[in-house]
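The values are calculated or read from the model by the stated rules, or taken from the named source; none is laboratory data. Computed from a predicted structure; not experimentally measured. No Cβ is skipped: glycine too gets one built from the backbone with ideal geometry, and neighbour counts run over all protein chains shown. Heavy atoms of the whole protein, side chains included, go into the accessibility calculation; ligands, DNA and RNA do not. Shrake-Rupley method; radii C 1.70, N 1.55, O 1.52, S 1.80 Å.
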Amino acid sequence: MHTYFIRKYKTTMLTLEWLTGAWHWSVSGLLIALVLFLMLFFGEKFGVSTSFQTLCSIGGAKRWSSYFNLDWKKHDWLLVFVVGSITGGLIAATVLAPSEAMVISPETLQELREIGIQAPVVGAILPGELFDLANFSAWPLLVLGGVLVGFGARYAGGCTSGHAISGLSNFQLPSLLAVVGFFIGGLVMTHFLIPFLFTVL
Amino acid sequence: MTKSEVISWYRIQEMFRFQSFHMYGVIGVAVIAGAVVQQLFKSGYINGYQGLKVSPKDKPKTYRASLLGGTFFGLGWALTGACPGPLYILLGHGYWSILIVIASALIGTLLYGVLRAKLPH
């Protein structure tokens, strides 16, 4: 009886460790494909940036453009997805909170240190230099980045989920071009603009 | 998403610096597994909920918009380290500054809606 409980305790701790530790990339890739499967199964499309269009429509943006003249109730599943994502984040941050800091490539950390970004501490996902609310000098960068994400995703007709995942796995040429675009923009920002922009931090 | 750290700004930086396989692994597995899923639906081997016929639609052939819009999106993705899905997840984590990014993304969307007729597609 005694050994049974010890064994039970050990398995429980192992499961918890597996859940709270970082997950392997293949697990995450499969889970994303599972989300795609569930979306298609229920007759929907998998594309998160459409939620921006939907939110604008709800806010009454059709005053400015017919682009927002849509029946957002058809896309109400997206709002459920948004609420689900926020809840998922909350659970991951509390119940499944990690006990160790993220393991990031040392080369990346070194290059980031040179532009004033320190390595992540335990529990941190984002650098405080950029995302601490009290760090007002970073706000313009967050606004700039946000506008680019919203504008670019809708202009391209999709973001990472709609183009890189759904589109590529359906062999769509426009999606391949969009992903090429993601990398042109991403590489220019990372290697040429960020070193310059971060001097304001 | 959180547990494999794909919502992390640091991971996106690693990806755009080609210093880790992590993000490529996540996206690669998702695309390969996703392709299997889409082919199974297309061939009619599996059906959707209550026998629904699922046929993933082709993306509109707006090649210039894909490339140009994609480039704008990439600039924003590298700067904020978050695409739309992760933005919502990070909000759940209690990163309130993400509200600034989400609000700005809505402004960006609005901007696209207004300018759409004048942009090349």
Tell me yes or no: at least one residue of the stretch A:68-75 is modelled with pLDDT under 95, touching a helix residue (DSSP H, G or I) at 6+ places or on another chain (Cβ under 9 Å) and within 8 Å of chain B (Cβ to nearest Cβ). yes
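Among A:96, A:36, A:78, A:40, which is the only one that is within 8 Å of chain B (Cβ to nearest Cβ), modelled with pLDDT under 90 and open to solvent by less than 50 Å² (accessible area, probe 1.4 Å)?
A:96
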Suppose we keep only residues that are outside any helix (DSSP H, G or I) and in contact with a Lys or Arg (Cβ under 8 Å, 6 or more places away or on another chain) within the stretch B:1-53. Which one would you say is farthest from the other protein chains (Cβ to nearest Cβ)? B:44
Of the conditions (1) closer than 30 Å to residue B:60 by Cβ; (2) open to solvent by 40 Å² or more (accessible area, probe 1.4 Å); (3) more than 7 Å from chain B (Cβ to nearest Cβ), residue A:162 fails just one. Which one is it? (2)
Checking residue A:134 against (1) outside any helix (DSSP H, G or I); (2) under 16 Å from the mean Cα position of the chain (by Cα); (3) of a type outside the set (Val, Ile, Thr), which single condition isn't satisfied? (2)
Just checking, how many residues over the stretch A:165-193 are over 21 Å from residue B:28 (Cα atoms) and open to solvent by 10 Å² or more (accessible area, probe 1.4 Å)? 4
When you scan the stretch A:156-201, how many residues do you find that are at positive phi and in contact (Cβ under 8 Å) with a residue 60 or more places away in the chain? 1
Going through (1) more than 7 Å from chain A (Cβ to nearest Cβ); (2) under 27 Å from residue A:25 (Cα atoms); (3) not in a helix (DSSP H, G or I) one by one, residue B:95 fails only at (1)
